[in-house]
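Colleague: Quick one: the structure is below, questions incoming.
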Amino acid sequence: MKKNERRKFPRYGIWPLVLTLAVNFLAYFGTRPFTGSWKHYNIETILDQQIPVVPWTITIYFGCYLVWILNYLIAASREKEFVWRFFAADVLARLVCLICYLLLPTTNVRPVLPEHGIWNQLLARLYQNDAADNLFPSIHCLNSWFCYIAVRGRREIPRWYQRLSFWAALAVFVSTLTTKQHVIVDVIGGMLLAESAWQIAGHMHLGTWYGAIWERRRWKRRAE
């Protein structure tokens, strides 16, 4: 970007980021105290059973956090109309996840891993720290597709980075399956939920309502 086009990170993008993190925490971790003792359903298919465990893909599973941080910061730094629509869609999608985790608790069967090998050990540690629940839809896949939406079709974003974000999302989809963190339906559900929320936010002008809430809050704070 030219020097005269550079700008500081806009203040109006900060609180939507904070709210997204809060709603994500509520959906993923806030439901577990309630659903921990409930019946969980395994929606694994025969096709899922044919997918091999590839322990080294845990690097993709964890490495995607770097893309998430960067692309969400990119999304929050755009013009207000885009920021309001993007984060309205994001919050809507996470609230749908929360409802799904409460109404349809899911689980899967994780493999027994060999004790030797750094990748096996890292994957085993992941299994220990992350319970096999709250799987449908996959927030990992939802986040990754939103990261692609954040840069998709944006003229100010280099095409190579748009393509990179797309392929990074697909790589994350695969990694959730090859680490046995999710099943195919979880992946499809996460991607479709992100895209649907984005389209709904646009057609129903949810960004306008979302932005009005933040603008009203900002003016109220100034008045005080």
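The values are calculated or read from the model by the stated rules, or taken from the named source; none is laboratory data. The model shown is predicted, which means the values in this text are computed figures rather than measured ones. Reconstructed Cβ throughout: ideal geometry from the backbone, glycine too, with neighbour counts over all protein chains shown. Just the protein is used for accessible areas: all its heavy atoms, side chains included, with ligands, DNA and RNA removed. Shrake-Rupley method; radii C 1.70, N 1.55, O 1.52, S 1.80 Å.
Colleague: As I understand it, the value is the acute angle between the Cα axis of helix 80-103 and the longest principal axis of the Cα atoms of the chain; what does it come to in degrees, rounded to 10?
Modeller: For helix 80-103, the angle is close to 30 degrees.
Colleague: Here is a follow-up. Leaving out ligands, DNA and RNA, what percent of the accessible area of the chain is carbon and sulfur, probe 1.4 Å?
Modeller: Values: 8630 of 12880 Å².
Here carbon and sulfur together make up 67 percent of the probe-accessible area.
Colleague: Please go through segment 43-144 and write out the GluC sites (Glu not before Pro) that DSSP classes as loop and that have at most 14 other C-beta atoms within 10 Å.
Modeller: Of the GluC sites (Glu not before Pro), the ones in loops of segment 43-144 whose Cβ has at most 14 other Cβ atoms within 10 Å are GLU79, GLU115.
Colleague: Oh, and also: Using only helices, what value at 222 nm comes out for the chain when you add -39,500 (n - 2.57) per DSSP H run of length 4 or more and divide by the total residues, to the nearest 500 deg cm²/dmol?
Modeller: Working: 10 runs with 150 residues, N = 224.
Mean residue ellipticity at 222 nm (helix-derived): -22000 deg cm²/dmol.
Colleague: Can you tell me the orientation of helix 58-76 relative to the chain, as the angle in degrees between its alpha-carbon axis and the longest Cα principal axis, to the nearest 10?
Modeller: 10
Colleague: Just in segment 80-157: which trypsin sites (Lys or Arg not before Pro) are loop by DSSP and have at most 10 other Cβ atoms within 10 Å?
Modeller: Values: sites: LYS80, ARG85, ARG94, ARG125, ARG152, ARG154, ARG155; in loops: ARG152, ARG154, ARG155.
Taking segment 80-157 and a limit of 10 other Cβ atoms within 10 Å, the loop trypsin sites (Lys or Arg not before Pro) found are ARG155.
Colleague: Counting heavy atoms of the protein chains only and a 1.4 Å probe, report the per residue accessible area for the chain as a whole number of Å².
Modeller: That works out to 57 Å² per residue.
Colleague: Now for a different question. Cα axis of helix 206-223 to longest principal axis of the chain: angle in degrees, 0 to 90, nearest 10?
Modeller: 60
Colleague: Here is a further query. Which trypsin sites (Lys or Arg not before Pro) from segment 4-45 combine a DSSP loop assignment with at most 16 other Cβ atoms within 10 Å? Before the final figure, lay out each step's value.
Modeller: On the way: sites: ARG6, ARG7, LYS8, ARG11, LYS39; in loops: ARG6, ARG7, LYS8, LYS39.
Passing sites in segment 4-45 are ARG6, ARG7, LYS8, LYS39.
Colleague: Taking the alpha-carbon distance from LYS80 and a cut-off under 12 Å, which aspartates and glutamates remain once sequence neighbours fewer than 8 residues away in the same chain are dropped?
Modeller: List returned: GLU215.
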